[in-house]
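Everything below concerns the one structure shown next.
The values are calculated or read from the model by the stated rules, or taken from the named source; none is laboratory data. Owing to the predicted nature of the structure, the values given are computational and were not obtained by experimental measurement. Every residue, glycine as well, gets a Cβ built from its backbone with ideal geometry; the counts of neighbours run over all protein chains shown.
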Amino acid sequence: MFDLLIMLSRYLFVFYIGFFLWQGIVYIAYEQGGFLGSPYRAVSIQRRLIIFMHITAFLILAYNRETMIYDWKTVLFGAAGCVFLLVAIHFLDRFYYEGCPLIWTGMLFLMDLSLIMLQRLAPSLAYKQLMWMTIGLAGMLMLPFFFRLIPRFEVFEWAYIIICYGLLLCTKIFGVERNGSTNWLRVGVFTFQPSELVKFLYIFYLASVFRKRIEWKEFITTGVLSAGVVALLVLQKDLGGALIFFMTYMVMLYIATSNEFLFLLGMGAASFAATLAYKIFSHVRVRVAAWQNPWADIDRGGYQIVNSLFAITTWGLLGSGLTKGMPKSIPVVESDFIFAAICEEFGTLFGAGVICIFIMLLYRGIRIALDSRRRYYSILAVGVTTMLCFQAFIIIGGVIKLIPLTGVTLPFVSYGGTSVLVSLMMMGLLQWVCVYCEQHGIDEDAPPIMGIEGGQDYE
Amino acid sequence: MNNMKRSIRRIFWLLALCFFLLLGYLGKLVLVERQGVSTNAYNSRLRYVDNSLRRGDIIDIDGEILATSVLQDDGTYMRKYPRARMAAHITGYSSVGKTGVEAAENFEVMTLHNEFFQRIMGIATKKELVGNSVVVTVDMDIQSIAGDLLGNAKGAVVVMEPSTGRILALQAYPDFDPNQVAAHWDQLKDHEDSPLVNRGTQGVYPPGSTFKLVTALSIMENMKDWQTRTYECTGEAAFQDKVIHCYKNKAHGTVDMKQALTVSCNCYFAQMAKEIGPGKLREVMARVGMESPAKFELAYSQSKIGLEASATESELVETAIGQGRTAVTPLYMAMFVSAIANEGIMMQPYIVDHIQYSNGKVGKQTVPKKLTEVCSTQESAILRDMMVSVVDNGTGTAAAISGVSVAGKTGTAENATGNDHSWFIGYAPAEDPKVAVAVVIENSRAYGSATPVAGKVIREALAQLESK
């Protein structure tokens, strides 16, 4: 009987995410001048959908099939998660007055999904994840006050990059190895990934430099320093991190200079560097081989990716139903491969929905960048959005075997304290840019807000 | 500033494109590649059992049940195979993992048609829920005859309808009893004869003289005067560091291509292949699809071309008569001979005809699909003429059927074990092909030749098709 309910719940989850995305479209349509429904109502429906999804999932997770009673510990944790979501919904609006509501709901949806999946896969990690989320949320709520205290934080460009290098070199020297990458640092009882913190500072650094007119000097210094960061990450075997930093640099350089030639040149140089890395490093070759033909080496190199493909394809569009799949057959499923577990138990349709949520976040992030009247904030917003979305792209792409696997976390969803903390901070930064521009944008004689799809041309 | 906004928009589209790629690839994975990926033997999820519904049946084309599930007292289902060994390599088993159609259509037989509706109705009426049934193209009458004729000779029989690629029968021996797989798992999995391997699709053998049909094709295409060319066969011929003998060193005298094929003269084909060269021969081998992966529902091995364009003369002449490193599956040979029967058009082989929903409706009917064109209509007619001559007055007389003209080619494949494999591929009626067969028998010295087996299979298959 309970199995039957799980079967039926699969339709419910697909409905949740489908309706959630539809409400996002309703909101955007209103903004673009169309009308599919009230945007305020759309956002409040989205919030309710998150809560409903949370309750549905924890009702399934907490039920113990052998004893036929509810496990109070899981119920309690579910309640705590619910409180967290409600508090987050309540305070985000207060602290970021007029921030983009779709970014908040999208982010909370993903975070809720993270709590559900971790409770399913490894409850002890779910508790820790919730703790990190709470800390991250508190930090994010403090962010606007912090920025108000230091009004012109773009002048500290050198400080940012020096701290970046400091952290990376510390990792190189004192780093501990985990999951094949030596990009962890231990301080007391905590281990964390400095490369995650570096992301935040690095965007600040680039935006600070690029806010001015870019001459050869700026171009060369940022280029060399970025290449250094990427090289350090490659040496730590953090290929995914290296790829993300490189892409962020190229994108920020491109929007600051509007020079396609430079962008293509950078891509060419990257392909060359990638070929070189393939020739030099054996761990790169192993990754590429596992991507090209994981079936040839199922027992070792291809094991992860093959099991991930099994998880995604076995149950089809609607998935196996929560708790009914076998996601634990995939190594490190709770961090890098969490997307495969989501596809397995919630179905591929739901997985596609998760990708659509990232598209929504991307769209909203880019809108903020377009609407911002100051060059510095535009660059900052694009940097944050690119970093986050590109990270989502390379890990999902790796998990479904579109591109070679590089071990990075899926923002907001994967288990990882530093990752959650930094992702939240980046979202806070993005929203702060949005709020700041709403408040300070009117006095400048900038052209009216432009739509992405709009055919307007201001050349 | 406007420049920058334009750049930002471009970046948006670039990243959005990345995400659309993800969506597209995910869709392809789950809609197109799903069956191939998820039925891999390493997938531990295949062992998953869902007792909330009855697994659908596997049914032959005439409605005979090949696999079904029976409810036991403890509320779980037990899989039964009424035809046991006779259809073992088609149904496969569903106990210690899954193989055969059980694996290929695992998710179809575990799927409820209109699931949502059926589940609700199930609660209301307390009726048993039944998954979709799979109807295979196999005709158990032909399948049983093929099984009886093969007896306990190691080998395989593949019967195919040339015009569509439908598999009418697929027998392989050694076989196993799918009802007993779990009980006898330890013996079965390590057995030296590997009974769990379907020799019809997974057995890879040197093609022997049946390969001469391919050589003949490349001669027709690359030698302008082939029709008038004759060759003086003395029973053996020397090439580079290899001496080619005809069977039992028999001297065939002056032969043209038709006679050479009829009596299966090795020296003729070796000499002609030498004149064509390895590059041209390899070209034809690749074109007839020997190495291109076909899609097939059951697990199959890939046939291999063992000839490089830079091969030595010895390698070339060995390949031309079907020895050497080239290796094929009986399934491939059935596809190839079907293509000759079908005016040069090779069809995609398939064994699942359609899905039958629990309410009796038919769904997902497989549509025959053209795979490739291996030769022209004229070439196929010439080959047919020669193959009829093989059966009428050549090496294949044992496959002749009274009243029906059979086209075929025999083969004897020498191999590392020292015991020759016997091949026969052919089709009938020659003027209007209804069935094509490929038969291979390992160790023919002990178990006899494939040719009479193939003849009887063709005769019975035609009789069965006639009576329906």
Filter pass, residue B:294 being in contact with a helix residue (DSSP H, G or I) (Cβ under 8 Å, 6 or more places away or on another chain) and modelled with pLDDT under 90: yes
Any hit, the stretch B:9-25, residues being more than 9 Å from every other protein chain (Cβ to nearest Cβ), surrounded by fewer than 20 Cβ atoms within 10 Å (Cβ to Cβ) and closer than 20 Å to residue B:297 by Cβ: no
Those residues of the stretch A:332-349 which are out of contact with any Gly (no Cβ under 6 Å at 6 or more places or on another chain) and farther than 21 Å from residue A:420 by Cβ, in sequence order: A:348, A:349
Every residue from the stretch A:310-326 that is more than 10 Å from chain B (Cβ to nearest Cβ) and in contact with an Asp or Glu (Cβ under 6 Å, 6 or more places away or on another chain): A:319, A:322
Which numbered condition residue B:70 fails, given (1) among the aliphatic types (A, V, I, L, M); (2) within 17 Å of residue B:177 (Cα to Cα); (3) away from every other protein chain (no Cβ under 14 Å): (2)
Any hit, the stretch A:32-52, residues being within 14 Å of chain B (Cβ to nearest Cβ), crowded, with 22+ Cβ neighbours inside 10 Å, under 24 Å from the mean Cα position of the chain (by Cα) and at pLDDT 95 or above: no
Filter result (aliphatic (A, V, I, L, M) and either more than 9 Å from every other protein chain (Cβ to nearest Cβ) or part of a loop (DSSP other than H, G, I, E, B) (or both)) within the stretch B:35-60: B:41, B:49, B:53, B:58, B:59
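Quick grid of which residues meet (1) of a type in the set (S, T, N, Q); (2) assigned by TED's automatic domain parsing to the domain that holds residue A:204; (3) touching a residue at least 40 places away in the same chain (Cβ under 8 Å):
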| site | (1), (2), (3) |
| --- | --- |
| A:255 | no, yes, yes |
| A:259 | yes, yes, no |
| A:264 | no, yes, no |
| A:271 | yes, yes, no |
Residues that are among the hydroxyl-bearing types (Ser, Thr, Tyr) and closer than 30 Å to residue B:171 by Cα, drawn from the stretch B:90-136: B:91, B:93, B:94, B:95, B:99, B:111, B:133
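Let's see how each residue does on (1) within 30 Å of residue A:209 (Cβ to Cβ); (2) free of Cβ contacts under 8 Å to residues at least 40 places away in the same chain:
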{"position": "A:310", "(1), (2)": "no, yes"}
{"position": "A:323", "(1), (2)": "no, no"}
{"position": "A:364", "(1), (2)": "yes, no"}
{"position": "A:376", "(1), (2)": "yes, no"}
{"position": "A:385", "(1), (2)": "yes, no"}
{"position": "A:410", "(1), (2)": "yes, no"}
{"position": "A:414", "(1), (2)": "no, no"}
Residue selected from the stretch B:374-411 under the condition part of a strand (DSSP E or B) and either out of contact with any strand residue (DSSP E or B) (no Cβ under 6 Å at 6 or more places or on another chain) or among the charged types (D, E, K, R) (or both), by the criterion surrounded by the fewest Cβ atoms within 10 Å (Cβ to Cβ): B:401
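For (1) farther than 20 Å from residue A:6 by Cβ; (2) under 22 Å from the mean Cα position of the chain (by Cα); (3) surrounded by 21 or more Cβ atoms within 10 Å (Cβ to Cβ), each residue gets a yes or a no:
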position: A:54; (1), (2), (3): no, yes, yes
position: A:66; (1), (2), (3): no, no, no
position: A:70; (1), (2), (3): no, no, no
position: A:93; (1), (2), (3): yes, yes, no
position: A:99; (1), (2), (3): yes, yes, yes
position: A:114; (1), (2), (3): yes, yes, yes
Qualifying residue in the stretch A:335-348 (condition: touching a residue at least 40 places away in the same chain (Cβ under 8 Å) and among the charged types (D, E, K, R)): yes
Residue match in the stretch A:244-254 (condition: surrounded by fewer than 19 Cβ atoms within 10 Å (Cβ to Cβ) and of a type outside the set (D, E, K, R)): no
Given (1) among the small types (Gly, Ala, Ser); (2) within 24 Å of residue A:134 (Cβ to Cβ); (3) touching a residue at least 60 places away in the same chain (Cβ under 8 Å), number of the condition residue A:18 does not satisfy: (2)
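Yes/no per residue for (1) β-branched (Val, Ile, Thr); (2) modelled with pLDDT under 90; (3) surrounded by 13 or more Cβ atoms within 10 Å (Cβ to Cβ); (4) not assigned by TED's automatic domain parsing to the domain that holds residue A:419:
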| position | (1), (2), (3), (4) |
| --- | --- |
| A:160 | no, yes, yes, yes |
| A:167 | no, yes, yes, yes |
| A:187 | yes, yes, no, yes |
| A:209 | yes, yes, yes, yes |
| A:218 | no, yes, yes, yes |
Unique match (being outside any helix (DSSP H, G or I) and either touching a Cys at 6+ places or on another chain (Cβ under 7 Å) or more than 10 Å from every other protein chain (Cβ to nearest Cβ) (or both)) among A:364, A:373: A:373
Every residue from the stretch B:26-51 that is in contact with a strand residue (DSSP E or B) (Cβ under 9 Å, 6 or more places away or on another chain), crowded, with 18+ Cβ neighbours inside 10 Å and polar (S, T, N, Q): B:39, B:43
Yes/no for residue A:355 being over 19 Å from residue A:240 (Cβ atoms) and either part of a helix (DSSP H, G or I) or outside the structural domain of residue A:435 (by TED's automatic domain parsing) (or both): no
Residue A:300 being touching a helix residue (DSSP H, G or I) at 6+ places or on another chain (Cβ under 8 Å), surrounded by fewer than 18 Cβ atoms within 10 Å (Cβ to Cβ) and either assigned to a helix (DSSP H, G or I) or within 13 Å of chain B (Cβ to nearest Cβ) (or both): no
Out of A:337, A:358, sole residue that is facing chain B (nearest Cβ under 10 Å), of a type outside the set (Lys, Arg) and within 16 Å of residue A:110 (Cα to Cα): A:358
Residue match in the stretch A:409-416 (condition: at pLDDT below 90 and either crowded, with 24+ Cβ neighbours inside 10 Å or at the interface with chain B (Cβ under 10 Å from one of its Cβ atoms) (or both)): yes
Strands (runs of 3 or more DSSP E) wholly inside the stretch B:248-360 that include at least 2 residues being in contact (Cβ under 8 Å) with a residue 40 or more places away in the chain and over 16 Å from the mean Cα position of the chain (by Cα): B:352-356
Yes/no for residue A:76 being surrounded by fewer than 19 Cβ atoms within 10 Å (Cβ to Cβ), more than 14 Å from every other protein chain (Cβ to nearest Cβ) and either among the hydrophobic types (A, V, I, L, M, F, W, C) or in contact with a Leu (Cβ under 8 Å, 6 or more places away or on another chain) (or both): yes
Residue that is nearest to residue B:360 (Cα to Cα) [pool: residues in the stretch B:114-141 that are of a type in the set (A, V, I, L, M) and within 14 Å of another protein chain (Cβ to nearest Cβ)]: B:129
